[in-house]
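Taken together, the values in this text are just the output of simple stated rules run on the coordinates, not laboratory data. All values derive from a computational prediction rather than experimental measurement. Cβ coordinates were reconstructed from backbone atoms using ideal geometry, including for glycine residues, and neighbour counts include every protein chain displayed.
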Amino acid sequence: MIFYCGRCKIVLKRDENICHLCGKRKLKEPQQNDVVYLTTLNNGPLSGMFEDMLNNNNIPYMRKEPKGSIPMAVFAKAFSFDYFVPYGTLELAKEILALVPKQSKPIPAFPII
Ligand SMILES: [Zn+2]
């Protein structure tokens with residue numbers, strides 16, 4: 001049984017009907033259009049490549065700055081984005097993600113000035 005937490009935008013592959021992140025109960029099975037967190041990528045050539053690949057496969061995606069990131073007004077560019085896709089495209093999106101080369105540097109929690 002697979003459950004979906006709409007608050008955290010994650011899919012839970014476990015028997016308990018409770019979200020381990022936020023504690024939400026009475027979760028439902030994911031629907032094709034439910035938005036699911038896929039990955040976080042540094043903002044750069046690789047994220048651009050990934051977006052192109054999603055576009056080429058007609059996968060709609062949503063990207064957001066991770067919570068707690070520096071406001072856009074302070075820095076011209078976000079350092080990383082969280083990517084979300086509809087549940088119905090999650091498996092294909094994961095396959096595409098596997099084709100993106102691994103990023104050499106980890107995402108910094110805070111920019112070093
Ligand atoms: Zn949750």
* To do: Only residues in region 54-67 that are among the polar types (S, T, N, Q) count as the first member; pair them with residues that are surrounded by 14 or more Cβ atoms within 10 Å (Cβ to Cβ), Cβ under 7 angstrom, at least 6 apart or cross-chain, and list the lot.
  => Asn57/Leu92; Asn57/Ile96
* For region 6-41, how many residues meet the condition of being away from the ligand (no atom under 14 Å from the Cβ), more than 25 Å from Arg63 (Cβ to Cβ) and among the aliphatic types (A, V, I, L, M)? -> 0
* So Met49 clears everything in (1) assigned to a loop (DSSP other than H, G, I, E, B); (2) surrounded by fewer than 16 Cβ atoms within 10 Å (Cβ to Cβ) except one condition, right? Which one? -> (1)
* Considering only region 7-38, state which residues are in a loop (DSSP other than H, G, I, E, B) and surrounded by 14 or more Cβ atoms within 10 Å (Cβ to Cβ). => Cys8, Lys9, Cys19, Lys24, Leu27, Pro30, Asp34
